[in-house]
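Asker: Just dropping this structure here.
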Amino acid sequence: MSDTDLSDIDITGIEEYHADDSVKLNGPPGTGKTTESAARVARLLDDYDYELNDVLWSTYRHSLAMETLERLAGWGVIPEAELSDPTKGPTRYIATTHACANRMVGGIGDMVTWYDKKQFAEERNLRFEKNSPWDDPPGQLLFRVFSYAANNLLDLHKQTDREQVPMIDELEEKYPGDIARAYDGWQDYKAQQEKFDFWEQLQAPIKRNVSANRDVVVIDEYHDATPLMAKLSERW
């Protein structure tokens, strides 16, 4: 976390693009995009009629969300007490994109576990556990394909989409079955167990047509976003 004082930050183009204007900050890592974004939010909270409850700040990693909260607290923009449990209260939407999405819909339910995946794979005679640290068992490879397809908005029922999954050839060498049918089977399994994949947290606000309902939206680390994450971010 930067120890830069708020008064020392020169917000680029603030005279031309005021704090309450929509802006996109471009630049390579380390050029201060997150710092300027935080300073703009601080300006909105200090000088405009906005409160912390009006802010949605989504980022790629939990550590980055915590750094943002600590930075704002260090500047006196939010009370230090809010950091004791930032998942509740007005700071609950300063978090990872997954967490923001899940809180927005009130929680989608229990996440699938390693054991759920292991059971599903072994029911299809797919080895799931590694024989060595460098082993890549077909069961785990199958779920990486599922996750990659979902996060990249690819339909495994379409040959052209399957060809865009980098590990698909390796999976097809190890698994002679129908991958699309296996995906459908996994969806059925989750429905029966009332469990969800991590990426379904991102899908939920889109499918349920739930808006961000926040006046101030910051998408940090957008260059790391998957297509699914980008789709939700652009909706916000």
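Asker: Could you give the nm distance between label points at THR113 and ASN125, where each point is 7 Å from its Cα heading toward the beta carbon?
Answerer: Distance between the two pseudo-spin positions: 2.8 nm.
Asker: Within straight cross-link reach of LYS207, meaning Cα distance under 30 Å, which lysines are found once same-chain residues fewer than 8 apart are removed?
Answerer: LYS24, LYS88, LYS117, LYS118, LYS158, LYS190, LYS195, LYS231
Asker: How big is region 28-75 by Rg and Dmax over its Cα atoms, in Å?
Answerer: Here Rg and the maximum Cα pair distance are 11.1, 32 Å.
Asker: Using 0.36 nm per residue, how much length does the chain from ILE206 to HIS62 gain when fully extended, once their Cα-Cα distance is taken away?
Answerer: 49.6 nm
Asker: Taking H placed 1.01 Å from N in the peptide plane, check which residues at least 5 places from LEU56 or on another chain put their amide H under 5 Å from its amide H.
Answerer: Distant-sequence amide H within range of LEU56: VAL216, VAL217, VAL218.
Asker: I need the phi-derived Karplus couplings for region 80-95: 6.51 cos²θ - 1.76 cosθ + 1.60, θ = phi - 60°, integer Hz, Gly and Pro marked x.
Answerer: Per residue, the Karplus-derived 3J(HN,Hα) values read 4, 4, 5, 6, 5, 8, x, 6, 10, x, x, 9, 5, 9, 10, 6 Hz.
Asker: Roughly how many percent of the accessible protein surface of the chain is carbon and sulfur, given a 1.4 Å probe and a whole-percent answer?
Answerer: On the way: 5770 of 13090 Å².
Answer for the chain: carbon and sulfur cover 44 percent of the accessible area.
Asker: Please compute the contact order of region 14-101 in relative form: average sequence separation of alpha-carbon pairs under 8 Å and at least six residues apart, divided by the residue count, as a percent.
Answerer: Reported as a whole number, the value is 27 percent.
Asker: By how many nm would the segment from GLN187 to GLU80 lengthen if fully extended, with 0.36 nm per residue of separation less the alpha-carbon distance? Intermediate values should be presented prior to the final figure.
Answerer: Numbers: separation 107, 0.36 × 107 = 38.52 nm, distance 4.25 nm.
Length gained, GLN187 through GLU80: 34.3 nm.
Asker: Report, in deg cm²/dmol and to the nearest 500, the calculated mean residue ellipticity at 222 nm for the chain, where each DSSP H run with n ≥ 4 adds -39500 (n - 2.57) and the sum is divided by the residue count.
Answerer: Here the helix-only value at 222 nm equals -13000 deg cm²/dmol.
Asker: Return a whole-number percent for the relative contact order of region 55-207, with Cα pairs under 8 Å and 6 or more residues apart as the contact set.
Answerer: On the way: 144 pairs, mean separation 38.9, N = 153.
Relative contact order comes out at 25 percent.
Asker: Any idea of the accessible area per residue across region 86-203, 1.4 Å probe, to the nearest Å²? Please list the in-between numbers first.
Answerer: Working: 6210 Å² over 118 residues.
Averaged over the residues of region 86-203, the accessible area is 53 Å².
Asker: With charges set only on the Cβ (+1 for Lys and Arg, -1 for Asp and Glu), what does the dipole of region 85-236 come to about its Cα centre, in debye to the nearest 20?
Answerer: Its charge dipole is roughly 580 debye.
Asker: Would you work out the Kirkwood radius for region 132-207? I mean one over the mean of 1/r across all pairs of different Cα atoms, in Å.
Answerer: Hydrodynamic radius (Kirkwood, Cα pairs) of region 132-207 is 13.3 Å.
Asker: What's the angle, to the nearest 10 degrees (0 to 90), between helix 33-47's Cα axis and the longest principal axis of the chain?
Answerer: So the inclination is approximately 50 degrees.
Asker: What list of whole percents do you get for P(r) of region 102-171, with Cα-Cα distances grouped in 10 Å bins up to the one holding the largest distance?
Answerer: 18, 39, 33, 10, 0
Asker: Over region 156-236, what relative contact order in percent results from Cα pairs under 8 Å that are six or more residues apart?
Answerer: Once normalised by length, the contact order is 25 percent.
Asker: Also, I was wondering about something else. Please report, in Å, the Rg and the Dmax of region 88-133, where both are computed over Cα atoms only.
Answerer: 16.8, 48
Asker: Quick one: Cα centre-to-centre distance for region 37-89 and region 107-166, in angstrom?
Answerer: With region 37-89 and region 107-166 each reduced to a Cα centre, they are spaced 36 Å.
Asker: Sticking with this one: Evaluate E = 1/(1 + (r/R0)^6) for PHE198 and GLU15, where r is the Cβ-Cβ distance and R0 equals 30 Å; express this FRET efficiency to the nearest 0.05. Walk me through the numbers before you get to the answer.
Answerer: Working: r = 42 Å, r/R0 = 1.41.
With R0 = 30 Å, the Cβ-Cβ based efficiency is 0.10.
Asker: Where does helix 62-74 land angle-wise versus the long Cα axis of the chain, in degrees 0 to 90, nearest 10?
Answerer: It works out to around 10 degrees.
The values are calculated or read from the model by the stated rules, or taken from the named source; none is laboratory data. Please read these numbers as outputs of a predicted model, since none were measured by experiment. All Cβ positions, glycine included, derive from the backbone under ideal geometry; neighbour counts span all protein chains shown. What goes into the accessible areas is simple: the full protein's heavy atoms, side chains included, and nothing from ligands, DNA or RNA. Shrake-Rupley method; radii C 1.70, N 1.55, O 1.52, S 1.80 Å.
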